[in-house]
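Below is one structure, written out as structure tokens; the observations come after it.
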Amino acid sequence: MEEGLCPFGRAVMAGEAGCTLARRRPRGELEAVICASPVAYLNCGTLLQMLRERARFALRLPGPDALIPHVQSMRLQCGGALALARELGHDRPRDLHEIVAEAKQTWGDLASIPFEPIVRSLVAWQPKRRSGKEGPGA
């Protein structure tokens with residue numbers, strides 16, 4: 001993970017999660033999501049690594065240092081953020097920084113999060129269908 005890049009940047013860019021600490025910055029011809037807090041960056045990065053580790057078998061992911069396909073990365077970030085938010089009683093992850101802080105307060109630390117139901121939920125996550133013309137001539 002590049003320093004400062006939001007670990008859940010794909011979820012934020014896709015509108016699947018929000019974060020008060022996320023800052024969009026141009027990066028070449030693309031846009032990147034940067035975290036405004038070193039502590040939040042570390043916490044979210046740790047959470048994402050734990051999600052990847054716990055979901056490795058269920059998602060058939062390669063080893064921890066290998067790149068993963070885009071759809072699996074989206075499933076980890078979007079599905080993981082949504083699953084954690086729901087485990088805490090929220091309908092969606094409106095502010096990832098607050099969700100991660102609440103998880104730490106609720107379970108004492110990130111390692112104590114009940115990952116089994118979260119992994120089940122993130123595995124079931126599906127990307128939203130793109131709106132557009134369907135059918136002949138589309």
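Among the numbered conditions (1) surrounded by 13 or more Cβ atoms within 10 Å (Cβ to Cβ); (2) under 13 Å from the mean Cα position of the chain (by Cα); (3) at pLDDT below 95, tell me where Val71 comes up short.
(1)
Here's a check for you: in segment 19-59, which residue that is among the charged types (D, E, K, R) and not in a helix (DSSP H, G or I) is surrounded by the fewest Cβ atoms within 10 Å (Cβ to Cβ)?
That would be Glu29.
Taking interchain pairs and intrachain pairs at least six residues apart, which have beta carbon atoms under 9 angstrom, with the first residue in segment 59-88 and free of Cβ contacts under 8 Å to residues at least 12 places away in the same chain and the second among the hydroxyl-bearing types (Ser, Thr, Tyr)?
Leu67/Ser73
Looking only at residues that are surrounded by fewer than 17 Cβ atoms within 10 Å (Cβ to Cβ) and not hydrophobic (A, V, I, L, M, F, W, C) in segment 1-18, which one is nearest to Arg92 (Cα to Cα)?
Taking segment 1-18 first, the residues surrounded by fewer than 17 Cβ atoms within 10 Å (Cβ to Cβ) are 1-5, 14-15.
Still in the running and not hydrophobic (A, V, I, L, M, F, W, C): 2-4, 15.
Details: Glu2: 26, Glu3: 27, Gly4: 24, Gly15: 11 Å.
The selected residue is Gly15.
What are the residues in segment 14-46 that are at negative phi and of a type in the set (Gly, Ala, Ser), if any?
Those that are at negative phi and of a type in the set (Gly, Ala, Ser): Ala14, Ala17, Gly18, Ala22, Ala32, Ala36, Ser37, Ala40, Gly45.
So Ile99 clears everything in (1) within 15 Å of Pro127 (Cβ to Cβ); (2) among the β-branched types (Val, Ile, Thr); (3) without any contact (Cβ under 8 Å) to a residue 40 or more places away in the chain except one condition, right? Which one?
(1)
The values are calculated or read from the model by the stated rules, or taken from the named source; none is laboratory data. It should be emphasised that the depicted structure is a prediction, and the values quoted were computed from it without experimental measurement. For neighbour counting, all protein chains shown are included, and Cβ atoms are generated from backbone atoms with ideal geometry for every residue, glycine included.
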